[in-house]
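First the structure, in the form of structure tokens, and then the observations on it.
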Amino acid sequence: MKPVVLLADNDIAVSSLLAEILSRGGFEVRQVFDGQSALEALAQSPPDLLVCDLDMPRKSGLLALEELARTVGGGAAPPTLVITGYVDSAIERRLAALPFVREVLK
């Protein structure tokens, strides 16, 4: 059984490229394109890894991750890799407070 990655990114080109790379690496990839859909997908079937952009419609990745921490607790959330084109010190502090966020790629 392949490990499952939930990929949450509204940029179709980036998401498709990441999905292809992860699939070739032996992962099952599920894609969503906004923060609210990410929360819904996480509630339905938790993945082994969440890859999450911050700048997304309906609900930003940051707000989705903070809501995830409140609803399931930091220990029950999947390990998370954040990808973003921009992050300031305030956002870095908010992400650092989430124990399941393992890395932030800028």
Checklist entry - If you check Leu39, Leu68, Leu7, which single one turns out to be aliphatic (A, V, I, L, M), buried (at least 19 other Cβ atoms within 10 Å of the Cβ) and more than 10 Å from the chain's Cα centre (by Cα)? => result Leu68
Item to check | Qualifying positions in region 71-97 - surrounded by 14 or more Cβ atoms within 10 Å (Cβ to Cβ), without any contact (Cβ under 8 Å) to a residue 40 or more places away in the chain and of a type in the set (A, V, I, L, M, F, W, C) | outcome: Val72, Ala77, Leu81, Val82, Val87, Ile91, Leu95
Item to check | Pair list, Cβ under 6 Å, 6 or more apart: region 26-38 residue under 12 Å from Leu50 (Cβ atoms), other residue assigned to a helix (DSSP H, G or I) and open to solvent by 50 Å² or more (accessible area, probe 1.4 Å) | outcome: Val29/Ser23
Checklist entry - Within region 1-23, how many residues turn out to be more than 22 Å from Val72 (Cβ to Cβ), of a type in the set (A, V, I, L, M, F, W, C) and not in a loop (DSSP other than H, G, I, E, B)? => result 8
Checklist entry - Which members of region 42-59 meet the condition of being crowded, with 19+ Cβ neighbours inside 10 Å and under 22 Å from Tyr86 (Cα atoms)? => result Leu50, Val51, Cys52, Asp53, Leu54, Met56
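The values are calculated or read from the model by the stated rules, or taken from the named source; none is laboratory data. These figures come from a predicted structure and were not determined experimentally. Positions of Cβ are generated from backbone atoms using ideal geometry, with glycine treated the same way; all protein chains shown enter the neighbour counts. Areas reflect the complete protein model, heavy atoms only, side chains present, ligands, DNA and RNA absent. Shrake-Rupley method; radii C 1.70, N 1.55, O 1.52, S 1.80 Å.
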